[in-house]
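Asker: Below is the structure I would like to discuss, written out as C-alpha cells.
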Amino acid sequence: MVVPFAAGAAAAPAGGATAGPAAGGAAAAAAGDGRNGSAADRRPDHGNYYSLPGAEHAPDDAAPQSLDHFKRGYRERVEMRERGMSGLTDKGGHDYYDGSLSRGRNRSHHGGGGRGGRDGYGGGGGGDRDRSYRGNGYDRHRDGGGGYRNQNQPWGRRGADGGPAAASPDAHDSRDASVGFDVNDVVSRLCASRANVPRVLEEARSLNAAARESFESGRAATAILSKIRHRRNLDAVMAVWKWLDDAHLRKEVIHYNTLISCFEKSGDWRTAIDIMAEMDRNSVPKNDFTYCTSIAACEKDGNWQMAVTLLDQMERDGVKRTPHAYNACISACEKGMNVQKAMDIFDRMKRNGVEPNVVTYSAMISAYEKGHQWKQALSTLHEMKNRGLGPNVVAYSACISALSKGQQWEKALDVFRELEDSGERPSVVTYNSLMSCLEKSLQWERALNLFDEMKYNKLPVTVVTYGAALMACEKGLQWQQCLDYLDEMTERHIKKNVIIFGAAMSCMEKCCRPDISLKLMERMKEESVQPNTHIFNSAITACARCDMAEKALELFDKMKKTGVKQDVVTYNAILDAVCSQQEVSRRIFQEGVQKGYYSKISRLGTQWLELDLHFLSLGAGEVALGWWLEEGILPVLCNSDKLKAVASIGIVTG
C-alpha cells in the first residue's frame, strides 16, 4: 500500500484526501514552467535508491527485489546451472564431444547425486524418488609395486597367513567356468590399494587355457569390468582399460557400454561423451544401450541440453528407439527445470511410435512437479491409468508432491487413498510427500494423524518424516509435541540434522518460547550440529517477541564471532528487539544499509520522495521511518525552494 502526501502546498487537503499523481504532475509542470531547459530537463526526477548515508558502496544485489522475491530461488538455480553448462568446451577450447578419452582419465570424479536409474540403464535401483547414490571418489596411488601378499603364489584362495588356503574335503573350485578364473578374487585384488593391475591381470590370463581364451574373446574383460562397475572404483576401471590397450586385446561394444555405465553412475557425462568419440575412431558401432547410458549420465548432472543432443543423434544414426533413452532425456529436462522441453520429448516419443511406460509417466509427473504444474501432473496420472499401466508408487508420490506445491491438499489426499485402494502399499516417500502437503496447507492435525498411521503400519520413519511432523507442529503451535518428537528421534537413534533443529526452533519462535530455543541451541552443540543463519534468526526473533533485547543482542554478536552469515531477516529480527533503544537501533540500521540490505528503501529526488517499507519488519520499519523523517523529509520541509519542487511524498507499507 502506498500512502502519498501532497507537496507543493502547506498541508494535505482536509479529510485525509491527498494529491494523487495527476495533481503532483500538474504541480511539477507548473514548477517546470519557471525553469529553463529542454523537455528532458523537465522530466520528473524520481530520485535514485542510493540516497542513504553509507549506501554508496553497498552491494547492488543484497537488497530484496520488489515483487520478485518469490522467484529468486528458481532464478538462482537456473543461472547456476547455465554457468556450469555454458558452452561445451573445456578451458583450452577443446570440444568435449571430439575430445580424447585421456582427458576424462585425468579428471577427478566426485560422486554424483540424484536418483538411481529408473529403467535399468541408470545407476542403482529404483523405488524411492528421494534416494540418492554417491559414487566413490578416487585418487591414484600407484608406484608399480604389488598390492597383495605372496605375489608368486598361484591364483586361488589365500589363507590367513597369505599362503594357500588349506584344502578341505568339501572344498570346491571357486573359478568361474566361463572365464577360467575366480572373477571376484581378481576384482578384489584390482580394487586393493596400490594394486599392480598389469601383474594381476597377466597372472589371471596365464592361469590356464580357458582363462587365455576368455581374455582373447573378451568375456574376461566383460566380467571384470562389470564387477568393478558395481564397486564403483573408477580408478581400477581405467587401469584395466589401459591394460586392454597395452595388451592389444579386442574391445567390443559391450566393453565400451560397461565403461560408460561406470561414469554414468557418477554423473560424469563428459567422459561418457569422450568414450563415444573413441568408439567412432575405432569404428565400434554404438547401440541403444550406448546412447541410453550416456543420456542417463547427462540426466544425473541435469544437463538436458547434451541429453537432447544425444537423443537427436541417436535418431539420426537410426539406432533402435527404446523408451529408456526418452525416459532418461525427460528426467534430464526435469532436473534441468525445463518442463517445456520435457513435454516436447514426450510428444516426440509418441510421434515416433515409442510406447510410453510407467517410468515415462513418472518422469513426466516429476517434471510437472518441478514446474509447479499440478493440473498437468494430475492429468498425466489419469492418462497413465487410462492406458492400463496400473498404479505406480513413484508416479503417485510425484503427483502428490506436485499437488503439495499447488496447495491442493484435498486432491493429494484423494490420490493417496486411491493408491491405497488399488492394493499398492504407499512408500515412505509417499507418506512424506502427503505429510508435507498437509502441513503446508495448514492441515497440521491431518499431517500428524498420517504420521501416526505411518508408524502403526510399521513403515520405517526417516529424518525427512520427522522433519514434516515438526513443521506440522510449528503450524499448529504444538511446542510440547515438537519436543516429544525430538526425544522420540533420540530413542530411535535417528540422527538429527540442522533442518530438524531449524523446524523445532521455528516452532518455539512462533510459540514465543525463547527459553526453549536457547536450550535447543545448547542441545545442538551437544549433538555436534552447527547452527546456521535460520537457527540464529529464529532464536533472535523469539527473544524479540518476549522483550529480551539483551539476549537478542548477544545472539546477534555471536553470529559475527562464529562466522555465521547475517541476512536481511537477521537485521529485521534484531531491530524488532532493540527498536526502543535509539542509539543501538540506528547503529544496527546503518550496518544494514552498508551491507546493502536497506540501501534501496528510500528515494529522495527533487520531485519525488518515497520510503519503501515493503521488506522491513515492524521494528526495522520504525527505525527506518524515524531516520527518513529526520534525515530526508525535515531538510526538505525547512527549505521552501525544495518543497515547492516536490510533487509527491509517499510511503510504501506493503
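Asker: Among the GluC sites (Glu not before Pro) within the range 481-527, which fall in a DSSP loop and have no more than 15 other Cβ atoms within 10 Å of their own Cβ?
Answerer: Those satisfying the criteria are GLU527.
Asker: Per residue, what accessible area does the range 393-445 have, given a 1.4 Å probe and all protein chains present, in Å²?
Answerer: 38 Å²
Asker: If you roll a 1.4 angstrom probe over the protein chains with everything in place, what fraction of the accessible area of the range 420-576 belongs to carbon and sulfur, to the nearest %?
Answerer: Looking at the range 420-576 in its full context, I get 50 percent from C and S.
Asker: Along each of its three principal axes, how wide is the spread of alpha-carbon positions in the range 580-654, in whole angstrom units, largest first?
Answerer: Extents along the principal axes: 35, 25, 20 Å.
Asker: Please work out how many pairs of lysine residues in the range 502-654 are eight or more positions apart (or on different chains) and have Cα atoms closer than 27 angstrom.
Answerer: Step by step, the pairs that qualify in the range 502-654 add up to 29.
Asker: Okay, next question. If packing is taken as the mean number of other Cβ atoms within 10 Å per residue, what is the order of 305-315, 199-209, highest first?
Answerer: The peptides rank, most packed first, as 305-315, 199-209.
Asker: Still on this model: Between HIS493 and GLN313, what length comes free when the chain is fully extended (0.36 nm per residue of separation minus the Cα-Cα distance, one decimal in nm)?
Answerer: Answer, rounded to one decimal: 59.8 nm.
Asker: Given a 1.4 Å probe, how much area per residue of the range 202-344 is accessible, in Å²?
Answerer: 34 Å²
Asker: With a 1.4 Å probe and every protein chain kept in, tell me what percent of the accessible surface of the range 257-299 is carbon plus sulfur.
Answerer: Carbon and sulfur atoms account for 46 percent of the accessible area of the range 257-299.
Asker: Moving on. Just check the range 421-472 against the gyration tensor rule for me: Cα atoms, a ≥ b ≥ c as the square roots of the eigenvalues, rounded for a/c under 1.5, and otherwise prolate or oblate depending on whether a/b exceeds b/c.
Answerer: On the way: a/c = 1.82, a/b = 1.43, b/c = 1.27.
Cα axes put the range 421-472 in the prolate bin.
Asker: Here's something else I'd like to know. Please work out whether the range 227-299 counts as rounded, prolate or oblate from its C-alpha gyration tensor, where a ≥ b ≥ c are the square roots of the eigenvalues and a/c under 1.5 means rounded, while otherwise a/b larger than b/c means prolate and anything else oblate? Please report the intermediate quantities before stating the final value.
Answerer: Details: a/c = 1.86, a/b = 1.12, b/c = 1.66.
Cα axes put the range 227-299 in the oblate bin.
Asker: Still on this structure, please answer the following. So, for the range 488-647, what is the accessible surface per residue at a probe of 1.4 Å, expressed in square angstrom? Can you show the working numbers first?
Answerer: On the way: 7570 Å² over 160 residues.
Here the per-residue accessible area is 47 Å².
Asker: Starting from the Cα gyration tensor of the range 200-324, multiply each eigenvalue by 5, take the square root, and state the resulting semi-axes largest first in whole Å.
Answerer: Taking √(5λ) for each eigenvalue gives 28, 16, 11 Å, largest first.
Asker: Calculate, in whole percent, how much of the Cα-Cα pair population of the range 540-631 lies beyond 16 Å.
Answerer: Result for the distance tail: 52 percent.
Asker: Residue by residue through the range 250-265, which ³J(HN,Hα) values in whole Hz follow from phi under the Karplus form 6.51 cos²θ - 1.76 cosθ + 1.60 (θ = phi - 60°), with glycine and proline marked x?
Answerer: Residue by residue, the range 250-265 yields 6, 10, 9, 4, 5, 5, 4, 4, 5, 5, 4, 4, 4, 7, 4, 5 Hz.
Asker: Taking the Cα centroid of the range 570-601 and of the range 438-458, what is the distance between the two, rounded to the nearest whole Å?
Answerer: Value for the Cα centre distance between the two parts: 40 Å.
The values are calculated or read from the model by the stated rules, or taken from the named source; none is laboratory data. Every value quoted in this text rests on a predicted model; they were computed, and no experiment measured them. Using ideal geometry, Cβ is built from the backbone for each residue, glycine included, and neighbour counts are taken over all protein chains shown. Side chains included, ligands, DNA and RNA excluded: accessible areas come from the protein's heavy atoms. Shrake-Rupley method; radii C 1.70, N 1.55, O 1.52, S 1.80 Å.
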